[in-house]
């Protein structure tokens, strides 16, 4: 998303990121990675759970709770128009732009 940000901006698309990390960690992460869009903190996971972006995961046979990498396209009325699950960070921005152009 970062590398395609101006293309989204030109289309009037607002990008927000969210994780359970503290606001301070979010700020440091955003600065380190030069994100031009805001990263929001949901330490309580209330919003993440509401969007079904938090839940049980498995890694090497171990179960734990964590965040799912999901993107949502939300219209101006607050309705979810499209969901992308299992996002591939390297191509995701261009994948979404391609779908927006086709749709």
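The values are calculated or read from the model by the stated rules, or taken from the named source; none is laboratory data. Please read these numbers as outputs of a predicted model, since none were measured by experiment. Glycine gets a Cβ as well: all are built from the backbone with ideal geometry, and neighbour counts include every protein chain shown.
Here are the numbers:
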{"item": "Residue check, residue 31 modelled with pLDDT under 95, surrounded by 11 or more Cβ atoms within 10 Å (Cβ to Cβ), under 24 Å from residue 91 (Cα atoms) and out of contact with any helix residue (DSSP H, G or I) (no Cβ under 9 Å at 6 or more places or on another chain)", "result": "no"}
{"item": "Neighbours by Cβ (under 7 Å, 6+ apart or cross-chain): first from the range 83-103, at positive phi and surrounded by 10 or more Cβ atoms within 10 Å (Cβ to Cβ); second part of a loop (DSSP other than H, G, I, E, B) and modelled with pLDDT of 90 or more", "result": "none"}
{"item": "Boolean, residue 8 is closer than 24 Å to residue 98 by Cβ, touching a residue at least 24 places away in the same chain (Cβ under 8 Å) and in a helix (DSSP H, G or I)", "result": "yes"}
{"item": "Qualifying positions in the range 40-82 - touching a residue at least 12 places away in the same chain (Cβ under 8 Å), on the phi > 0 side of the Ramachandran plot and out of contact with any strand residue (DSSP E or B) (no Cβ under 7 Å at 6 or more places or on another chain)", "result": "52"}
{"item": "Output for the range 11-27, where each listed residue is over 19 Å from residue 73 (Cα atoms) and either free of Cβ contacts under 8 Å to residues at least 24 places away in the same chain or part of a strand (DSSP E or B) (or both)", "result": "21, 22, 23, 24, 25, 26, 27"}
{"item": "Residue count for the range 45-68, restricted to those that are over 27 Å from residue 81 (Cα atoms) and in contact with a helix residue (DSSP H, G or I) (Cβ under 6 Å, 6 or more places away or on another chain)", "result": "0"}
